[in-house]
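Visitor: Let me give you the structure first, and then I'll get to my questions.
The values are calculated or read from the model by the stated rules, or taken from the named source; none is laboratory data. Bear in mind the structure is a predicted one, so any value in this text is a computation, not a measurement. Please note: Cβ atoms are built from the backbone with ideal geometry, for glycine as well, and neighbour counts cover all protein chains shown. To get the accessible areas, we keep the full protein, side chains included, count just its heavy atoms, and leave off ligands, DNA and RNA. Shrake-Rupley method; radii C 1.70, N 1.55, O 1.52, S 1.80 Å.
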Amino acid sequence: MRSKAICLALLCVLFASHIYTPIPGNIEERWKVIALDAAVKTCTFMGMCFENLGIMSFEDFISMIFRLDYTQPLSDEYVTVTDTAFTDIPVRLYLPKRKSETPRRAVIYFHGGAYCLGSFKQRAFDILNRWTANKLDAVVVGVDYRLAPQHRFPAQFEDSIAAVKFFLQDKILTKYGVDPMRICISGDSSGGNLAAAVTQEVQNDLEIKHKIKVQALLYPHLQIIDSNTPSHRENEHGVALTRDVAIKFLSLYITEDKTFPQALKRNQHMPLESRHLFKFVNWSTLLPKKHRKDYVYTEPILGRTSYSLPSLMDIRMSPLLANDSQLQNLPSTYVITCQYDILRDDGLMYVSRLQNAGVQVAHEHIEDGIHGALSYMTSPLYLHLGLRISDLYISWLDKNL
Ligand SMILES: *[C@@H]1O[C@H](CO)[C@@H](O)[C@H](O)[C@H]1NC(C)=O
Ligand SMILES: *[C@@H]1O[C@H](CO)[C@@H](O)[C@H](O)[C@H]1NC(C)=O
């Protein structure tokens, strides 16, 4: 009893000590955001402590917290929900119950979670996918790919593309009553990366018969080669997602080398032979003036470290590295970026690159947006922002898919 009280007291002190992040003035539901940020930072701090004490790894601790929020596949009045597998990739299927005269639209959704965390089972994603199925009268598939650090790149991509290829077979589309001409791939954050990479692969692979009609990328992560964009600098201590935590998870995705996070943090992780790739992420030309502000672009520092990591130059890890002829085949694209997000400039640069390549792009910039907003759509700390973003996303799909 006494130890519980001490733990609780400690937790309160920790929580209180994290209520210091300056929250930008235009953010709505200020106190909820402050509480959310303090809760996330308290968990981060505890995770770091446990890791340093050798009790458990940081990612295991955070992953344990995520799992508290997992749901069972529960059907409702409108949608039949089942957990199944495509080949051996776990998926959650949402099939509308209404009778349909014609084949339905379909959405394949990749959840976020920094490549290390999460599932389609999280309450927020379950709600989002259920709403999408219901409002669009569409078949929705949530995909669970293998997670780092147990499985590093490209396991996440391989699972994602395998699930999509399985779904795109004629016999499977027929089985679920899906119109092959009206399929969307979506994802948020790291899931937005997988959605972008898988869409590139599907559109450019001549052996895949059915193509994607639209892709929706929600505050996506799209490149690993430049970790010093203006949004990285502005949001170093960002709400809910700090640069240190992002770098920690990204590093776990890429390598077990313990020196890598420091190199990534200093933006000195790329090899000499990667110079030709930087034109694809040159934010001094690709960002609108409004976001470039007065930041000074400096040429990358290459070859400081010599990681033999081909993944660093792989377009499946950094979809922004695709050249213009690879981008030209991409379908109509919806991108949401959030102002207070270290990944903001990834999304903004992809919008410019796609537009330059002649791809149709609809871009929504959320001026008071924070990273991961869709994950905060459930109690106790649900944010109106999450609902707003999910409404924008679903309405866009309804008109364009
Ligand atoms: C980036 O763009 C600037 C022009 O804004 C140019 O001077 C610089 O050489 C470019 N760097 C790379 C690596 O593309
Ligand atoms: C784009 O990349 C593809 C695949 O690496 C390559 O085959 C093609 O020649 C490149 N196109 C241009 C214009 O560089």
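Visitor: Among the residues of region 333-361 satisfying the criterion of being touching a helix residue (DSSP H, G or I) at 6+ places or on another chain (Cβ under 6 Å) and among the small types (Gly, Ala, Ser), which is farthest from ligand 2 (Cβ to nearest atom)?
Guide: The residue in question is Ser352.
Visitor: Could you list, ordered by first residue, the pairs with Cβ atoms under 6 Å in which the first is in region 316-334 and farther than 23 Å from Val107 by Cβ and the second is small (Gly, Ala, Ser) and away from ligand 2 (no atom under 13 Å from the Cβ), at least 6 apart or interchain?
Guide: Once the first residue is farther than 23 Å from Val107 by Cβ and sits in region 316-334, its partners that are small (Gly, Ala, Ser) and away from ligand 2 (no atom under 13 Å from the Cβ) give Met317/Ser311.
Visitor: Would it be correct to say that Arg353 is at pLDDT 95 or above and either within 16 Å of ligand 1 (Cβ to nearest atom) or closer than 26 Å to Ala138 by Cα (or both)? Give the steps one after another, and end with the answer.
Guide: Values: at pLDDT 95 or above: yes; either within 16 Å of ligand 1 (Cβ to nearest atom) or closer than 26 Å to Ala138 by Cα (or both): yes.
Answer is yes for this residue.
Visitor: From Val198, Val139, Val143, grab the single residue that is open to solvent by less than 10 Å² (accessible area, probe 1.4 Å), free of Cβ contacts under 8 Å to residues at least 60 places away in the same chain and closer than 21 Å to Tyr115 by Cβ. Steps first, please.
Guide: Numbers: Val198 fails: free of Cβ contacts under 8 Å to residues at least 60 places away in the same chain; Val139 fails: closer than 21 Å to Tyr115 by Cβ.
Unique residue meeting the criteria: Val143.
Each row is one residue, and each column tells you yes or no for (1) farther than 18 Å from Thr199 by Cβ; (2) out of contact with any Ser or Thr (no Cβ under 6 Å at 6 or more places or on another chain); (3) hydrophobic (A, V, I, L, M, F, W, C).
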{"residue": "Leu312", "(1), (2), (3)": "yes, yes, yes"}
{"residue": "Ile315", "(1), (2), (3)": "no, yes, yes"}
{"residue": "Asp324", "(1), (2), (3)": "no, yes, no"}
{"residue": "Val335", "(1), (2), (3)": "no, yes, yes"}
{"residue": "Ala362", "(1), (2), (3)": "no, yes, yes"}
{"residue": "Ile366", "(1), (2), (3)": "yes, yes, yes"}
{"residue": "Leu381", "(1), (2), (3)": "yes, yes, yes"}
{"residue": "Gly386", "(1), (2), (3)": "yes, yes, no"}
{"residue": "Trp396", "(1), (2), (3)": "no, yes, yes"}
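Visitor: OK, next. Identify all residues within region 173-191 that are farther than 28 Å from Leu343 by Cα and either touching a residue at least 12 places away in the same chain (Cβ under 8 Å) or of a type in the set (S, T, N, Q) (or both); write none if there are none. Explain how you work it out, then say what you get.
Guide: Our first condition is that a residue be farther than 28 Å from Leu343 by Cα; within region 173-191, this holds for 173-182.
Hits for region 173-191 are Leu173, Thr174, Tyr176, Gly177, Val178, Asp179, Pro180, Met181, Arg182.
Visitor: Look at region 248-259 and say how many of its residues are crowded, with 20+ Cβ neighbours inside 10 Å and either over 29 Å from Ile34 (Cβ atoms) or not aromatic (Phe, Trp, Tyr) (or both). Steps first, please.
Guide: First, the residues of region 248-259 that are crowded, with 20+ Cβ neighbours inside 10 Å: 248-255.
If we keep only those that are either over 29 Å from Ile34 (Cβ atoms) or not aromatic (Phe, Trp, Tyr) (or both) too, we end up with 248, 250-255.
Summing the residues that are crowded, with 20+ Cβ neighbours inside 10 Å and either over 29 Å from Ile34 (Cβ atoms) or not aromatic (Phe, Trp, Tyr) (or both) in region 248-259 gives 7.
Visitor: Look at Lys265 and say whether it is more than 22 Å from Asp188 (Cα to Cα), open to solvent by 30 Å² or more (accessible area, probe 1.4 Å) and within 16 Å of ligand 2 (Cβ to nearest atom). Before the answer, list the steps.
Guide: Numbers: more than 22 Å from Asp188 (Cα to Cα): yes; open to solvent by 30 Å² or more (accessible area, probe 1.4 Å): yes; within 16 Å of ligand 2 (Cβ to nearest atom): no.
In short, no.
Visitor: Here is a further query. List the pairs whose first member sits in region 375-399 and is free of Cβ contacts under 8 Å to residues at least 24 places away in the same chain, whose second member is in a loop (DSSP other than H, G, I, E, B) and of a type outside the set (Asp, Glu), and whose Cβ atoms are under 8 Å apart, counting only residues at least 6 apart or on separate chains?
Guide: Sorted first by the residue in region 375-399, then by its partner, the pairs are Leu387/Met377.
Visitor: Going through region 179-195 one residue at a time, which ones are more than 15 Å from Phe120 (Cβ to Cβ) and either touching a Cys at 6+ places or on another chain (Cβ under 7 Å) or open to solvent by 10 Å² or more (accessible area, probe 1.4 Å) (or both)?
Guide: Hits for region 179-195 are Asp179, Pro180, Met181, Arg182.
Visitor: Moving on. Across region 316-330, which residue is farthest from Arg152 (Cα to Cα) among those that are among the hydrophobic types (A, V, I, L, M, F, W, C) and within 10 Å of ligand 2 (Cβ to nearest atom)? Break it down into steps so the answer makes sense when it comes.
Guide: Residues of region 316-330 that are among the hydrophobic types (A, V, I, L, M, F, W, C), as a first pass: 317, 320-322, 327, 330.
From what is left, the residues that are within 10 Å of ligand 2 (Cβ to nearest atom) are 321-322, 327.
Numbers: Leu321: 20, Ala322: 21, Leu327: 26 Å.
Ranking the qualifying residues of region 316-330, first place goes to Leu327.
Visitor: Please determine, by comparing only the residues of region 294-315 that are in a loop (DSSP other than H, G, I, E, B) and within 13 Å of ligand 2 (Cβ to nearest atom), which one is least open to solvent (accessible area, probe 1.4 Å). Show your work before the answer.
Guide: Taking region 294-315 as the starting set, the residues that turn out to be in a loop (DSSP other than H, G, I, E, B) are 294-309, 314-315.
Cutting the leftovers down to within 13 Å of ligand 2 (Cβ to nearest atom) gives us 314-315.
Numbers: Asp314: 30, Ile315: 53 Å².
Here the residue is Asp314.
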